[in-house]
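Participant: Can you keep this structure in mind? I'll have questions shortly.
The values are calculated or read from the model by the stated rules, or taken from the named source; none is laboratory data. Here the structure is a predicted model, which means the values were calculated and not measured. Cβ coordinates were reconstructed from backbone atoms using ideal geometry, including for glycine residues, and neighbour counts include every protein chain displayed. These area figures cover heavy atoms from the full protein model, side chains too; ligands, DNA and RNA do not enter into them. Shrake-Rupley method; radii C 1.70, N 1.55, O 1.52, S 1.80 Å.
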Amino acid sequence: MNEQYDVVVIGGGTAGVVAAIQAGSAHAKTLLVEKTGMMGGTTTVGGVNFPGLFHAWGRQVIAGIGWELVSRCVAETGGTLPDFGNYHRPHWQLQIRVNRYVYSALCDEMVTDAGVEVRFHSMLAHLKPRTEGRGWQVTLCTKSGLTELDAAVVVDATGDANAAELAGFPLSIPESNQPATLSYQASGYDVADLDIDGINRKFDAEVRAGRLAYTDASWNTTEPDIARWLRSGGSQANHIHHINARDSEGKTRLELESRRSLLRLYRFLRQQPGLEKLIIDHVSAECGVRETATIRGQSTVTAEDYQSGRMWEDAVCHSFYPIDLHISSGAGLDMVKLAAGVVPTVPRGALLPAGGQNFIVAGRCISSDRLANSALRVQATCMATGQAAGAMAALSATRGLDPEGLPLSEVHSLLREHGAIVPGDGPPLLDEACTL
């Protein structure tokens, strides 16, 4: 007989780690499947080690397991948290810097402490409903070949809806994608010694000659902007365009193009006075992806829902971030701030594929339109949807009910038991006239 699990979580990234910890902590027999050898996803292998946003208008709106991971990492490394009460600052100043390597080790520790089994270097190969009993027959591709197991409930935390697609659920795939970003860090120079205007002129000439692209060193598609790259050491300073990385073919194209972009920029910069000793200190193992696909869920969060702060009847968590759509034209970003006091919520139905049973989705591929998804995709929200998915999966497996049929009060109760903030809990939000 195949190995039997209550919950199988596909993807050990931002949402999947939290989903697995929640399911395991609720005494469900849980397996976490991760394609790399490191947990943490975007925060670790993607190099975006500044998750947020957990607070809105001076009050915490996302807590629970994800917050515990992040705050424990800050404490372990002697760091400090931002002053969340000073919320008039730009939103990125309220994100939390973590050491990605310590964070990954803490993910390992919390996952295993929750009794979760882990399969690294494994990917989902096939998924079909069980012929006898409820749940799914799961086929994994491991280093030693294919292996089969059974799951009462599957959680898709791949970020790309890969499990949902294999299960036969419909997806929404955008005609164009937000640009991706390869996260890396450079050093070996002093900005004060550089003729930035002169480097910019040479950079512009190389772009016009077809040997560089403006977005090798910035998000701006219309003019050179080498200053930000140099002052930040290259951090989050590039855009890789027009590749949907939801499958292995697209992912491969993206990885190749992102490192090709870095190499041509590196070769150019090393020829400039003051940059002869330029060093690339760190390059993330994977290029950071913002958008690939979303499920078509029982509910779909629209931009209007998000920006109005709609309180869904089946809300399972909050979200908080501006509309943040990266684009392949102009300055490279369309950002729309949330109105004063608005805190969006996420409904259970956005985590459940239309027509699905015993299947839950967490992370950036939950059911939402493009503008709403550009905000919902960020790490704190992914952690919150991951915890909601883990709670529903554990209850569904142990109660023998489909996630849609679970009493919402039981889902909320389990989330609160593990530190999560349920929409409607706590004092009213601030109503001071201000914007994020």
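Participant: Any chance you could count how many residues in region 38-64 are small (Gly, Ala, Ser), out of contact with any strand residue (DSSP E or B) (no Cβ under 6 Å at 6 or more places or on another chain) and within 21 Å of residue 281 (Cβ to Cβ)?
Facilitator: Total satisfying the criteria: 2.
Participant: Now, a different point. Kindly evaluate residue 227 against the criterion of being of a type outside the set (Val, Ile, Thr) and either in contact (Cβ under 8 Å) with a residue 40 or more places away in the chain or under 20 Å from residue 333 (Cβ atoms) (or both).
Facilitator: Here the answer is yes, as residue 227 does meet what is asked.
Participant: Then there's this: Which condition does residue 131 not pass, out of (1) part of a loop (DSSP other than H, G, I, E, B); (2) open to solvent by less than 30 Å² (accessible area, probe 1.4 Å); (3) not basic (Lys, Arg), if it passes all the others?
Facilitator: Answer for residue 131: the failing condition is (2).
Participant: Okay, moving on. With the requirement that a residue be open to solvent by 50 Å² or more (accessible area, probe 1.4 Å) and on the phi < 0 side of the Ramachandran plot, what does region 61-84 give you?
Facilitator: 68, 72, 75, 76, 77, 80, 81, 83
Participant: Could you tell me which numbered condition residue 384 fails, if it satisfies all but one of (1) modelled with pLDDT under 95; (2) crowded, with 24+ Cβ neighbours inside 10 Å?
Facilitator: (1)
Participant: Mind checking which strands (runs of 3 or more DSSP E) fall wholly inside region 267-336 and carry at least 3 residues that are farther than 19 Å from residue 177 by Cβ?
Facilitator: Counting at least 3 such residues, we get 279-283, 315-318.
Participant: If you don't mind, there's one more thing I want to ask. Count, please, the residues in region 134-146 that happen to be open to solvent by 30 Å² or more (accessible area, probe 1.4 Å), touching a residue at least 60 places away in the same chain (Cβ under 8 Å) and not in a strand (DSSP E or B).
Facilitator: So the answer is 1.
Participant: Also, I was wondering about something else. Would you confirm whether any residue within region 321-337 is under 23 Å from residue 394 (Cβ atoms) and buried (at least 18 other Cβ atoms within 10 Å of the Cβ)?
Facilitator: no
Participant: From 179, 174, grab the single residue that is open to solvent by 10 Å² or more (accessible area, probe 1.4 Å), at pLDDT 95 or above and of a type outside the set (S, T, N, Q).
Facilitator: 174
Participant: If I filter region 85-97 for residues that are open to solvent by less than 20 Å² (accessible area, probe 1.4 Å), at pLDDT 95 or above and either basic (Lys, Arg) or closer than 18 Å to residue 66 by Cβ (or both), do I get at least one hit?
Facilitator: Yes, region 85-97 contains at least one residue that is open to solvent by less than 20 Å² (accessible area, probe 1.4 Å), at pLDDT 95 or above and either basic (Lys, Arg) or closer than 18 Å to residue 66 by Cβ (or both).
Participant: Of the numbered conditions (1) surrounded by fewer than 20 Cβ atoms within 10 Å (Cβ to Cβ); (2) closer than 30 Å to residue 339 by Cβ; (3) among the small types (Gly, Ala, Ser); (4) touching a helix residue (DSSP H, G or I) at 6+ places or on another chain (Cβ under 9 Å), residue 405 satisfies every one except a single condition; which is it?
Facilitator: (2)
Participant: I'm told residue 365 meets every condition in (1) in contact (Cβ under 8 Å) with a residue 60 or more places away in the chain; (2) out of contact with any Pro (no Cβ under 8 Å at 6 or more places or on another chain); (3) part of a helix (DSSP H, G or I); (4) surrounded by 24 or more Cβ atoms within 10 Å (Cβ to Cβ) except one. Can you identify the failing condition by its number?
Facilitator: (3)
Participant: Taking residue 298, is it closer than 29 Å to residue 362 by Cα, open to solvent by 10 Å² or more (accessible area, probe 1.4 Å) and in contact with a helix residue (DSSP H, G or I) (Cβ under 6 Å, 6 or more places away or on another chain)?
Facilitator: yes
Participant: With respect to the numbered conditions (1) of a type outside the set (A, V, I, L, M, F, W, C); (2) closer than 30 Å to residue 233 by Cα; (3) more than 23 Å from the chain's Cα centre (by Cα), which one is the sole condition not fulfilled by residue 357?
Facilitator: (2)
Participant: Is it true that some residue in region 26-46 is more than 18 Å from the chain's Cα centre (by Cα), under 21 Å from residue 319 (Cβ atoms) and surrounded by fewer than 19 Cβ atoms within 10 Å (Cβ to Cβ)?
Facilitator: No: zero hits.
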